[in-house]
Amino acid sequence: MKKMFTKISYCLTVALGISMFSSAAIAKTELTMYYPIAVGGKLTQAVDSIVADFMAENPDIEVNAIYSGNYDDTRIKALAALESGKPAQLSVMFSIDVHELRELDAIIPFDDVVSTAEEKAWLNSFYPSLMENGIAAGKTWGIPFQRSTIVMYYNKDAYREAGLDPETPPATWGGLIAAAKALTKDDGSQWGLMIPSTGYPYWMFGALAMQNGQTLMTSGDKTNFDHPDVVEALEVWKAMGSEHKIMPEGTIEWGTLRQNFLEGKTAMMWHSTGNLTTVKNNASFDFGVAMLPAGKRRGTPTGGGNFYMFKDTTAEEREASMKLIKFMTSPEQSAAWSVATGYMGVSADAYETDALSSYVAEFPPAAVARDQLAYATAEFSTYQTSRVKKGLNDAIQAALVGSKTPKEALSEAQAAAERILKPYR
Amino acid sequence: MKDSTRNIQGWLLFTPAAILLLAFTHYPTVTTFFQSLYTNKSILRPRRFSGVEAYESMFSDPIFWKVFVNNMWLALGTIPTSIGIAILMALIVNKAIPGRGFLRMAYFTPTMLPMIAVANIWLFFYAPEIGLIDKVLEIFGFEGNNWLGNPSTVLPSIIVMTVWKEAGLFMVFYLAGLQTISPELEEAAKLEGSSRWNYFWRIQFPLLLPTTLFVLINAFLNSFKLVDHLFVLTKGGPDNASNLILYYIYETAFSFLDISYASALTIFLLALLALTALAQFFFLDRRTHYR
């Protein structure tokens, strides 16, 4: 018995020694990065290939890019890794997580990391509306990477069949409803329009509210759910199903909507630009992409993921992380990423590259999201964002399925948000 | 062998299981309980002792009551149905019929498939317009339905899928139970001219009661434990119409990062399950016929 213990402890010592030796032998800086994908498709391959290019250029840096599910899963995994003492150094996470990550003291602002004038210029090279979600308390905490806006995909063949002009998609709510009525078939085989209301209902609603002239929040601690214009926006959304009958009643599933569109069950859908390449590759009909129509004005929230850098990192790791982030958001890589996925190029320079400018020339829908940035606002984000967001999501769904009126539902959500956000003012 | 050696041996044999139980069941339970008595820590607001505040807010939280009631409906909807179907399937595949092995496998397949994969398939079954169910209904001239997008059909839809998933597993237990019943009883019943139903109701079903007790406990626990499919199918929506306690705990803990409240919910769920298991053992056990 005693002999066995000696043997085991001997083995353990040797094993420990080897592992210590091997980690000392590698002088590489090792980075772990989590990243989410919310729209499906072959996006992991696109990330892997960018990371492989980066490592080929920087042999002294080893990057483990780990696909970690949707935005919520990614945040959980990154935070769990942080707790476990084997943290990631940087991650792509939901742009709207900024307040919660700050409150947890998990991330550092990029202002603390950039030093040279060139790096400061880099920080200003992105589209300003993509930076909105990353800025809090006067500092920049997130660098845009996989960013999107909501766009309207429409089936040009269905437009022709209904006698509509496929080259002039509706630009106003009135036009949208009229077109959708013409496109809706009485036998139920084709709906005019679908706006998804599961998964990210607050995001779609952010667009409608802004088109009606009001944003969902004024700052991280103040929401506007019960503002009359916001309530009216929800009434308009609900009426599309219950009154105009251009959209199925009840909630519409985020995950299966693209399939609905591809199978011709809806002539128009509102969805993330992140779907563009997948739709392009799978649509058996002629389709177009348009900016969302205007109520009082045009409007859409931006969406998607930003790069964050974690606090628990060494100076070398921060430097290496900066290199990686700069690489992945550089005009060339951003252009390649945009072509591969449909997500936006994150800077004006990305659209100046040969790759993206020729792609846009040959496939104009790729520029719609960028053009729409002129009307874009930040995505909904507050302190305790998930909980406040859930209140809003529940309210939207309750109104759409008819269990509460839009006014009731939103007033309740506003009251709940007030309770949660009061301590932060 | 001396008594003391035997004792040591016994303890040694018990140690691995005890360590696992302590590390993964008892220790987390105790820490969860203590976490529920404190507020969450953040750099803006330090942690403080809050006593039963988390439990008070739980009982005044309408979503908590909603998910609790949903869970009870789910239990009520799944347990009797899946047990009934399981017994029926077990009786069928217990007979000497051609293709028995194949049939047994077919019944058991849903149990073997991973819940997430299954949910992704059912998501498209339930999808309005393009889904299998709506397409079949269309053939027979019925109107389609937005199964998962309508608060009145979403929970029943989840129940149907859960029954489909669970019945096969319970069937295996019943099949094992049926095979322990001595064939002489059936012969005797036949000689006496007892009907098939009479034989089942007077002989088979009572003899299967220990199995039923076991399955009942499992089914009840599962109705609280199984939430994997919600991640894919509905995320608890619309407006919490399909939200369940465990999924709400997950949301609270990992989405809202509210560990304190999540701990209180967890303790509630644990207490509920422990009480039910005890009740089932003490009350049902007495009426169950063991040989």
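Every number in this text was worked out from the coordinates using simple rules, so none of it is lab data. In this text the structure is predicted, and so the values were computed from the model without any measurement. Heads up, the Cβs are rebuilt from the backbone with ideal geometry, glycines too, and the neighbour counts pull from every protein chain shown.
Observations on the model:
- Going from the residue with the fewest nearby Cβ atoms within 10 Å to the one with the most, A:Ser242, B:Ser82 rank A:Ser242, B:Ser82.
- Sorted by Cβ neighbour density within 10 Å, fewest at the top, the residues B:Phe142, A:Phe126: B:Phe142, A:Phe126
- Positive-pole candidate from A:Asn124, A:Thr149, B:Met115, dipole of the protein assembly as shown, charges at beta carbon: B:Met115
- Spin-label pair B:Ala18/B:Glu187, simplified geometry with 7 Å Cα→Cβ offset, distance in nm: 5.1
- For the pair B:Ile217 and B:Leu113, a Förster radius of 25 Å applied to the C-beta separation gives a FRET efficiency near 0.60, rounded to the nearest 0.05.
- Amide H contacts of A:Glu30 (H built 1.01 Å from N, under 5 Å, at least 5 apart or other chain): A:Glu62
- Note on the stretch A:224-299: with charges restricted to the Cβ of Lys and Arg (+1) and Asp and Glu (-1), its dipole about the Cα centre is near 320 debye.
- Distance in nm between pseudo-label sites at A:Thr44 and A:Asp165 (7 Å out along the Cβ direction from Cα): 4.6
- A simple charge model with +1 on the Cβ of Lys and Arg, -1 on the Cβ of Asp and Glu and nothing else charged puts the dipole of the stretch B:61-287 at about 600 debye relative to its Cα centre.
- Taking 0.36 nm per residue of sequence separation and removing the Cα-Cα distance, the B:Ala274/B:Thr29 pair yields an extension gain of 87.0 nm.
- Filtered GluC sites (Glu not before Pro), the stretch A:128-197: DSSP coil and at most 16 other beta carbons within 10 Å: A:Glu167
- Listed residue pairs exceeding 29 Å between alpha carbons, taken from A:Lys42/A:Lys156; A:Lys185/A:Lys238; A:Lys390/B:Lys135: A:Lys390/B:Lys135
- Footprinting exposure proxy ranking of A:Ile396, B:Ile79, A:Ile195, fewest other C-beta atoms within 10 angstrom first, gives B:Ile79, A:Ile195, A:Ile396.
- What the phi angles of the stretch A:287-304 give under the Karplus curve with 6.51, -1.76 and 1.60, with θ = phi - 60°, is a coupling list of 10, x, 10, 10, 5, 5, x, 9, x, 6, 7, 7, x, 7, x, 6, x, x Hz, glycine and proline written as x.
- Cα centroid separation, the stretch A:100-136 to the stretch A:357-425 (Å): 23
- FRET efficiency, B:Lys135 to A:Glu408 (Cβ-Cβ, R0 30 Å, nearest 0.05): 0.25
- For the cross-link pairs A:Lys404/B:Lys165; A:Lys77/A:Lys265; A:Lys245/A:Lys404; A:Lys28/A:Lys311, the ones whose C-alpha atoms lie over 28 Å apart are A:Lys404/B:Lys165; A:Lys77/A:Lys265.
- A:Asn124-A:Glu57 FRET efficiency (beta carbon distance; Förster radius 22 Å; 0.05 resolution): 0.35
- Choice from B:Val52, B:Val163, B:Val93 showing the highest fluctuation, given a GNM over chain B with Cα pairs closer than 10 Å: B:Val52
- Nonlocal amide H pairs with A:Gln384, under 5 Å, H built at 1.01 Å: A:Glu100
- Fluctuation leader among B:Ala262, B:Ala241, B:Ala176 - chain B, Gaussian network, Cα springs under 10 angstrom: B:Ala176
- Per residue of B:226-237, other chain Cβ atoms within 10 Å of the residue Cβ number 3 on average.
- Label-point separation in nm, A:Glu319 to A:Ser189, each point 7 Å along Cα→Cβ: 6.7
- Per residue, the convex hull spanned by the Cα atoms of the stretch B:61-287 measures out at 152 cubic angstrom.
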